Amino acid sequence: MIEREVAAMISEAELLEHMHILDKTTAPKRALQINYYYDTPGFINNTSGNTLRIRQKGAELKLQYKYDKHYSGKERICREFEMTVYLLPMSIQSDALPNQILLSD
């Protein structure tokens with residue numbers, strides 16, 4: 001999968017204005033999401049711009065790996081791999097990751 005993301009900085013006043021507008025159009029939905037990030041002792045993922053994490057929403061755990069990131073103005077484009085996991089590991093060994101992300105083109 002290829003992810004495209006655009007980010008913009010807004011002021012607190014703008015954020016509150018947008019939240020007020022959204023709250024009027026839809027019922028607010030709050031969800032707890034916890035991200036567990038993994039890296040090497042030398043922070044190779046971070047310094048190379050990759051992200052390896054497990055995202056928890058309720059009882060659901062998803063391993064996510066974002067790599068080959070590049071930027072075009074405010075747009076960030078990267079490749080993304082995701083798979084369901086059933087236990088939260090203390091560490092992740094690279095040989096435990098699927099070949100399709102380790103041998104990407």
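The residue of the range 69-84 that is farthest from the chain's Cα centre (by Cα), among those that are touching a residue at least 12 places away in the same chain (Cβ under 8 Å) and exposed (fewer than 15 other Cβ atoms within 10 Å of the Cβ), is 74.
Which of the residues belonging to the range 85-105 are loosely packed, with under 10 Cβ neighbours inside 10 Å, in a loop (DSSP other than H, G, I, E, B), among the hydroxyl-bearing types (Ser, Thr, Tyr) and at pLDDT below 90?
To start, the set of residues in the range 85-105 that are loosely packed, with under 10 Cβ neighbours inside 10 Å comprises 86-87, 90-91, 93-96, 99-100, 103, 105.
Within this subset, residues satisfying the condition of being in a loop (DSSP other than H, G, I, E, B) are 86-87, 90-91, 93, 103, 105.
Still in the running and among the hydroxyl-bearing types (Ser, Thr, Tyr): 86, 91.
Passing the criteria: only 91.
Restricting attention to the range 4-15 and to residues that are part of a helix (DSSP H, G or I) and surrounded by 10 or more Cβ atoms within 10 Å (Cβ to Cβ), the residue that is modelled with the lowest pLDDT turns out to be 15. The numbered conditions (1) within 21 Å of residue 83 (Cβ to Cβ); (2) at pLDDT below 90; (3) exposed (fewer than 11 other Cβ atoms within 10 Å of the Cβ) are all true for residue 59 except (2). Within the range 30-77, the set of residues being over 16 Å from residue 92 (Cβ atoms), in a loop (DSSP other than H, G, I, E, B) and of a type outside the set (D, E, K, R) comprises 31, 32, 49, 58, 59, 73. Of all residues in the range 21-40, those being under 23 Å from residue 82 (Cα atoms) and more than 17 Å from the chain's Cα centre (by Cα) number 1.
The values are calculated or read from the model by the stated rules, or taken from the named source; none is laboratory data. Here the structure is a predicted model, which means the values were calculated and not measured. When we count neighbours, we look across all protein chains shown, and the Cβ atoms used for this are built from the backbone with ideal geometry, even at glycine.
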